[in-house]
Structures are given as structure tokens and as C-alpha cells.
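Let me begin by presenting the structure, written as C-alpha cells, before commenting on it.
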Amino acid sequence: MASVISCNEKGNHTMCFSAVEDRDFQFLSMAIKEAYNAVESEDGAPFGAVVVCGEEVVVSCHNMGLKQTDPTAHAEVVAIREACKKLERTHLPDCEIYSSCEPCSMCFGAIQLTKFKRLFYGANVESAISAGLEATISNALRGTGVYQKTNIIVDKAYGCLADMAEKVFEDTRAIK
């Protein structure tokens, strides 16, 4: 991953600039915005996901657990369902998924079944746990090497981009 060249404050979001990271910044920022949308709309917990094919956004979704009365309607699962419908296929090996936070084991399983070529996530699971979402997140995958045993490239945001993703939980700490 390229190093961050500079960071500047712009509104409520920190902007990171690097020629290589612009694409990741664009799509992860959309996932983070979806996380805020989940809370503002009262649809669910502060999680967002974006599915990208090439340079085109296929879908941009957020957690819908409360709205759909469905504990499996996590942002990544909702995004996968919608992307598969839109693209009319169940495997998306030419697509990437951007998640505002490290996926839980259910979401990672869905990502793996869908055969995405890449997962890029923002916040660490600890940020969600510190915001009181420990019942929502499973830390089962970390430290087990499960990510490395897949054919999916898994990248974690660092620096300003990770800070933006983690800020969602700071801003929504009181909301459960």
C-alpha cells in the first residue's frame, strides 16, 4: 500500500491524498458515509459497505438490521445481496468490497462465498467494540490466519483513512 503524502481537514472528514490511495479513499469514504446513514435513518448499526466492479460502484449499502428486523442484514450482506441481484450472478470475482469496519465472521463468510477478489476495510473491530457494539462483532477471524487462507486480497486502511472509519464509532457511541 502506498504511503500517505499529506492529510488535511475538510469539513468533518479528514482527507488523505496519495495517487495510489485515491481510489481506496473514494470507495471507503462512501462506505463510511453509509455507516452514518445507517444511524441517521435508524435502519441499523453504524456499518457501511460498497461493491465496486472495475471503477464502477455497483451498490452502496448500510446496515439494515433494525429496519428489516433481520439480524443478518449487516452492511456487507445487504451489499452482496443487492450486487448479486443487480449483476445477475452469485460469484463476483471481478469485484471488490469496501467495508467501513472489519467484517464479522458471518460477513467475511459471505464475502468468501461470493468470491470477491478484494476486501478493503477501514476501522478495526476494537473501534466498534469500544462503541458498545460487542454483541454485533465477532473477533473470531483475527489472528487465526483465516484471511490468508482465502483467495481474496484483504487490505486494511491505515493513517487518515482508518481514522475516518473509526470516527464513525466515536460519533455514534451513544447510539445502540
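Inspect all residues belonging to the stretch 86-99 and state whether any of them is modelled with pLDDT of 95 or more and closer than 16 Å to residue 162 by Cβ. Among the residues of the stretch 86-99, at least one is modelled with pLDDT of 95 or more and closer than 16 Å to residue 162 by Cβ, which makes the answer yes.
Restricting the stretch 72-108 to residues that are open to solvent by 20 Å² or more (accessible area, probe 1.4 Å) and acidic (Asp, Glu) leaves a set whose member that is farthest from residue 32 (Cα to Cα) is 88. Of the strands (runs of 3 or more DSSP E) lying entirely inside the stretch 47-136, those carrying at least 1 residues that are over 15 Å from residue 155 (Cβ atoms) are 48-53, 56-62. Among the residues of the stretch 150-172, the one identified as over 17 Å from residue 108 (Cβ atoms), open to solvent by 20 Å² or more (accessible area, probe 1.4 Å) and under 13 Å from the mean Cα position of the chain (by Cα) is 166. Would you please list the contacts, defined by Cβ atoms under 9 Å and residues six or more apart or on different chains, that run from a residue in the stretch 159-172 that is closer than 12 Å to residue 47 by Cα and aliphatic (A, V, I, L, M) to a residue that is part of a helix (DSSP H, G or I) and at pLDDT 90 or above? Partner pairs satisfying both residue conditions: 165/28; 165/31; 165/32; 165/35; 168/32; 168/35; 168/36; 168/39.
Would you mind stating whether residue 137 is at pLDDT below 90, open to solvent by 80 Å² or more (accessible area, probe 1.4 Å) and among the hydrophobic types (A, V, I, L, M, F, W, C)? Criteria not met by residue 137.
The values are calculated or read from the model by the stated rules, or taken from the named source; none is laboratory data. Quantities reported herein were computed from a predicted structural model and do not represent experimental measurements. Every residue, glycine among them, receives a Cβ derived from its backbone with ideal geometry; neighbour counts consider all protein chains shown. Note: accessible area is taken over every heavy atom of the protein model, side chains too, but ligands, DNA and RNA are not part of it. Shrake-Rupley method; radii C 1.70, N 1.55, O 1.52, S 1.80 Å.
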